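Every read-out reported here was derived from the displayed coordinates using simple, explicitly stated rules and does not represent laboratory data. Just so it is clear, the model here is predicted, and its values are computed rather than measured. For neighbour counting, all protein chains shown are included, and Cβ atoms are generated from backbone atoms with ideal geometry for every residue, glycine included.
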Amino acid sequence: MAGDGSLVDGERFVLRLHPHWKTMLRPVFVLLLILVALAVAEVLLPPRSDLALVRLALAALALLAIIIWFVVPLLRWRTTSYELTTRRLRLRRGILSRSGRDFPLIRISDVSFSHGLLDRLLGCGKLIVESAGEHGQLVLTEIPEVERVQATLFQLVEDEQARLAREDR
């Protein structure tokens with residue numbers, strides 16, 4: 001876990017997650033299609049030296065397609081994180097430039113989850129976080145082990161409310 005200086009005194013990391021690997025199924029499928037298409041084109045082209053430029057162009061086109069439809073989604077997946085600390089829910093994303101949102105646990109009023117049959121089989125789902133203020137409802141999709149995350153977040157909200165109640169006395 002990133003032990004960065006963005007945590008306040010007494011705050012510590014509890015969970016750090018990335019979207020479920022399921023989000024990479026389509027990019028992997030596209031990668032396989034590109035590689036198969038390139039192999040088929042290579043087999044169908046006659047082995048003549050005057051087609052070397054065509055082969056090079058096909059390889060360059062395949063490389064560009066792989067970067068667009070596989071590498072970029074892979075980097076987006078790896079650079080997106082959901083972090084739970086003892087004081088807040090933090091969302092971080094971005095490949096070249098980063099953006100983030102923080103939701104103080106004290107403002108969270110409800111935490112729920114949902115997942116369909118495929119999500120249940122793969123162990124992921126949708127986390128729905130209700131918060132007071134202008135943001136209202138936050139829906140995070142493709143959360144791994146969503147039931148455990150929901151229970152942990154609910155417990156952290158309860159703990160934060162109890163901590164603040166003790167400080168007010």
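Please pull out the direction-averaged projected area of the chain, using the convex hull of its alpha-carbon atoms, in nm² to one decimal place.
Numbers: hull surface 54.0 nm².
Convex hull of Cα atoms, orientation-averaged projection: 13.5 nm².
Step through the residues of region 11-23 one at a time and calculate ³J(HN,Hα) from phi using the Karplus curve (6.51 cos²θ - 1.76 cosθ + 1.60, θ = phi - 60°), rounding each to whole Hz and writing x for Gly and Pro.
Values per residue, Gly and Pro as x: 9, 9, 6, 10, 9, 9, 10, 10, x, 4, 4, 4, 5 Hz.
Between Ala41 and Arg98, what length comes free when the chain is fully extended (0.36 nm per residue of separation minus the Cα-Cα distance, one decimal in nm)?
Gain on stretching Ala41 to Arg98: 16.6 nm.
Assuming R0 = 25 Å, can you tell me the calculated FRET efficiency for the pair Arg107 and Ser6, based on Cβ-Cβ distance, to the nearest 0.05?
0.85
From the P(r) of region 87-168, can you give the percent of Cα pairs sitting at distances over 18 Å?
The proportion of pairs with Cα distances above 18 Å equals 48 percent.
Report the residue, chosen from Val30, Val54, Val129, that carries the largest GNM mean-square fluctuation when the chain is represented by alpha-carbon nodes joined by springs under 10 Å.
Val54
I'd like the distance separating the alpha-carbon centroids of region 116-169 and region 19-75, in whole Å.
Centre-to-centre (Cα) distance: 39 Å.
Calculate, for Leu91 and Arg120, the FRET efficiency according to 1/(1 + (r/R0)^6) with r their C-beta to C-beta distance and R0 25 Å; round to the nearest 0.05. Before the final figure, lay out the partial values.
Details: r = 24 Å, r/R0 = 0.97.
Efficiency for this residue pair is about 0.55.
Could I have the simple spin-label model distance between Ser81 and Leu33, label points 7 Å from Cα toward Cβ, reported in nm to one decimal?
Computed distance between label sites Ser81 and Leu33 equals 3.3 nm.
Only helical DSSP H runs with n ≥ 4 go in: add -39500 (n - 2.57) per run for the chain, normalise by residue count and round the 222 nm mean residue ellipticity to 500 deg cm²/dmol.
Values: 5 runs with 71 residues, N = 169.
The helix-only estimate for the chain comes to -13500 deg cm²/dmol at 222 nm.
Starting from the Cα of Thr141, step 7 Å along the direction of its Cβ; do the same at His18; then give the gap between the two resulting points in nm.
1.9 nm
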